[in-house]
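Colleague: Sharing a structure, written as structure tokens. Questions coming.
The values are calculated or read from the model by the stated rules, or taken from the named source; none is laboratory data. Just so we're clear, the structure is a prediction, and the values are computed from it rather than from any experiment. Backbone-built Cβ (ideal geometry, glycine too); neighbour counts: all protein chains shown. What goes into the accessible areas is simple: the full protein's heavy atoms, side chains included, and nothing from ligands, DNA or RNA. Shrake-Rupley method; radii C 1.70, N 1.55, O 1.52, S 1.80 Å.
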Amino acid sequence: LDCEKGTVTLIGATTENPSFSLNNAILSRCRLVVFNKLSTEAVSAIIDRALRTDDQLQGVALTEGGRAALLSVADGDARVALNALELVAGHAREVDESAVCAAVQRHSLYDRNGDFHYDLISALHKSMRGGDPDGAIYYAARMLHGGEEPRYITRRLIRFASEDVGLADPNALVQAVAADSAVHAIGMPEAGVVIGQAVSYLALAPKSCAVYRAWNS
């Protein structure tokens with residue numbers, strides 16, 4: 001109510017998707033401004049400014065290979081580039097590609113509570129529906145590497161086994177349920193290969209939506 005009256009001016013910033021992380025009542029009363037990824041030229045310029053003005057970076061030499069590695073790690077986020085540069089500079093005065101790769105562990109581009117969560121589970125489903133085991137393993141691995149709950153994936157595999165494979169291969173459901181049980185029994189990272197086997201099996205299995213269509217008719 002105070003926001004509607006103008007008594008309170010609410011200004012906020014988040015790296016999350018506001019559509020998922022903000023209360024709908026607040027969201028409906030706000031104007032959203034989207035900040036897109038910076039271009040590589042813009043991130044490179046910010047790196048140069050930091051090298052000129054930051055006392056901790058004085059005397060640090062950045063090679064072209066090191067710059068390219070930083071830009072790749074940053075993926076359009078200047079904060080990531082600067083944090084990575086500072087991390088590397090704490091161990092070496094010459095920042096080259098090998099130094100960046102040795103000091104920075106690149107995380108998967110994935111947010112388990114935001115857009116990438118839904119984009120990647122959708123891509124996993126489409127890969128399995130399209131008979132692409134390589135793509136299915138890739139998207140499952142990206143989700144797991146990014147911190148997704150393994151049993152969220154296996155629950156979706158159980159559903160997929162009935163909805164998309166169905167009676168064309170009844171063993172698909174057995175595989176999916178077994179994968180879920182295995183994840184519960186041994187946990188990660190050992191269960192990663194189990195999930196990989198399950199998504200590969202489902203991708204290669206024949207497909208039938210007959211039961212799903214009959215259930216919803």
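Colleague: Residues that are hydrophobic (A, V, I, L, M, F, W, C), open to solvent by 20 Å² or more (accessible area, probe 1.4 Å) and within 18 Å of LEU120 (Cα to Cα): list the helices (runs of 4 or more DSSP H) wholly contained in region 147-217 that include at least 1 such residues.
Modeller: 150-160
Colleague: Continuing with the same structure: Is region 191-201 home to any residue that is under 22 Å from LEU144 (Cα atoms), β-branched (Val, Ile, Thr) and without any contact (Cβ under 8 Å) to a residue 40 or more places away in the chain?
Modeller: For region 191-201, residues under 22 Å from LEU144 (Cα atoms), β-branched (Val, Ile, Thr) and without any contact (Cβ under 8 Å) to a residue 40 or more places away in the chain: present.
Colleague: From the list ARG49, ARG67, which residue is within 30 Å of VAL100 (Cα to Cα) and either open to solvent by 70 Å² or more (accessible area, probe 1.4 Å) or touching a residue at least 40 places away in the same chain (Cβ under 8 Å) (or both)?
Modeller: Within the list ARG49, ARG67, the selection yields ARG49.
Colleague: Based on this model, can you work out whether ASP77 counts as surrounded by 12 or more Cβ atoms within 10 Å (Cβ to Cβ) and touching a residue at least 40 places away in the same chain (Cβ under 8 Å)?
Modeller: yes
Colleague: Among (1) out of contact with any strand residue (DSSP E or B) (no Cβ under 8 Å at 6 or more places or on another chain); (2) of a type outside the set (Phe, Trp, Tyr); (3) farther than 21 Å from GLY146 by Cβ, there is one condition ALA84 misses while meeting the rest; what is its number?
Modeller: All conditions are met except number (3).
Colleague: Further, regarding this structure: Show me the helices (runs of 4 or more DSSP H) found entirely inside region 1-72 where at least 2 residues are touching a strand residue (DSSP E or B) at 6+ places or on another chain (Cβ under 8 Å).
Modeller: Helices (runs of 4 or more DSSP H) meeting the threshold: 40-53.
Colleague: Give the residues of region 21-46 that are open to solvent by 90 Å² or more (accessible area, probe 1.4 Å) and aliphatic (A, V, I, L, M), sorted by residue number.
Modeller: Matches in region 21-46: LEU32, VAL33, VAL34.
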